[in-house]
Amino acid sequence: MGKRIVAALAAVSIFLSMQDWRGCADVYAADLSLYAKSAVLMDADSGRVLYERNGHEQMAMASTTKIMTLIVTLENASLDEQVTVSAYAASMPDVQLNIREGENYRLEDLTYSLMLESHNDSAVAIAEHVGGSVEGFAAMMNKKAEEIGCENTYYITPNGLDAEDGDKFHSTTARDLALVMSYCIKKSPQKEKFLEITRTASYSFTDSSGKRSFSCTNHNAFLNMMSGALSGKTGFTNKAGYCYVGALERDGKTFVVALLACGWPNNKTYKWSDTRTLMEYGLANYNYRSFDEVEIPESALEDIAVSGAKSDKIGGSESVSVELIEPQDGSEAGIDGLLMNGEEKITITLHKVRGLSAPVTEGQKVGHISYMVGDTEWKRVDIVASQKKEAIDFLWCLKIICEKWSLSLTSNTAS
């Protein structure tokens, strides 16, 4: 008996864990061979997680931090501004540009140092300039993370060096990291500049005096590893291990891969293997599906009876016609995301009132159609009244009575 109870509880536990899928029925569908302790494959357009392994576990993120450092900088400062290096910025450990206290640099030049070579001193110099201090800039980073939708991310440093703040530590999750990259390449008003900087193969510049020259080389091997590679950022600390976040666009599909704790020395190449595995999984198994393939129920467009509305006679029945209104968020009517081949289907759920009471205004919402994938609503189309119906009032009743009386008199006179 005891064994049966244990087995039943285990089955319930498994069932409940499978329900916490965060809008992604196939998260557990594939048993991929990965090195990373935490990994996520995301559809960059919708933010939907297509595959995850411990995707919600909060972990150190190393220099993948710098994608947030860059996007906050691009959105809050002019790249022509001059940055003066502080003693604190100059004291950062390797990897360094080796800038010196009191030197001045063009902000744009330091962003290339930040992203191509992952220089820690450049990151702090940028943060102090844009945020007034490292703490001020970290607050900007955390605010941006919240706006993007990150649920378990906390920034302390602009360069990703391991740090603690009371009971919190510099950390993110693979899901949040993928969400940040998706924002950077798809939604940010500075997305084009973000891509330009992170895709640059090499970059040279000088300090503002022209006395010191520097050259930076992009160390993101993924850019040359797969066709359609868009962007990415590597990272490593002793606590975080090797980390990576990268994006790829091919055949109209955009994927983001985020990896945390993907090996330690001497396993530097594990992140490239995992990235390729996840990107190829996404390309092979997901394609856009059209909502147009699902037939809307005829009842969705049927007229709705309206009680208490003015009509040609007292007690006459009235109805109102309806129409469908597409969402105003700019999404296309026929396409809204990637679905797993042969595994996921779009269904329609109709929500519509059976009747109305006057008055009814033109454009009044009377229901909606939900386009569902599993238990998740992907798109909602409102059903609205296409005409107005006024409510019966005293003057209308008087008018109808007078008309009836007039017709009656005319009829009697004719007789």
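The values are calculated or read from the model by the stated rules, or taken from the named source; none is laboratory data. Quick caveat: nothing in here was measured; it's all calculated off a predicted structure. When we count neighbours, we look across all protein chains shown, and the Cβ atoms used for this are built from the backbone with ideal geometry, even at glycine. Accessible surface is based on the protein model in full, side chains and every heavy atom, while ligands, DNA and RNA are left aside. Shrake-Rupley method; radii C 1.70, N 1.55, O 1.52, S 1.80 Å.
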- [ ] Starting from the Cα gyration tensor of segment 42-98, take the square roots of the eigenvalues, sort them a ≥ b ≥ c, and report rounded, prolate or oblate (rounded when a/c is under 1.5, otherwise prolate if a/b is larger than b/c, else oblate).
- [x] oblate
Open item on the list: Need one number: nm distance between label points at Thr84 and Arg100, each 7 Å from Cα along Cα→Cβ, rounded to one decimal.
Closed with: 1.7 nm
Open item on the list: Here are a few candidate values for Cα extents along the principal axes in Å: (i) 63, 49, 43; (ii) 64, 45, 43; (iii) 113, 69, 43. Which one was actually calculated from the structure I just gave you?
Closed with: (iii)
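Probe of 1.4 angstrom, ligands and nucleic acids ignored: what's the accessible area per residue over segment 188-268, in square angstrom?
Value returned for segment 188-268: 44 Å² of accessible area per residue.
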- [ ] Would you work out what percent of the accessible area of the chain, with all protein chains in place, is carbon or sulfur (probe 1.4 Å)?
- [x] 49 percent
Task: Fully extended contour minus Cα-Cα distance, from Lys168 to Lys191, at 0.36 nm per residue - done: 5.3 nm
Task: Residue-normalised accessible area of segment 31-184, expressed per residue, 1.4 Å probe, Å² - done: 35 Å²
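With a Förster radius of 45 Å, plug the Cβ-Cβ distance of Ile296 and Ala221 into 1/(1 + (r/R0)^6) and report the FRET value to the nearest 0.05. Don't skip to the answer; put the middle values down first.
Values: r = 48 Å, r/R0 = 1.07.
Using R0 = 45 Å, I get an efficiency of 0.40.
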Open item on the list: Expected output is a single nm value to one decimal: the length gained when fully extending between Asn287 and Gln364, i.e. 0.36 nm times separation in residues minus the C-alpha distance. What is it?
Closed with: 24.1 nm
Task: Anisotropy class of segment 135-293 from Cα gyration tensor, a/c 1.5 cut - done: rounded
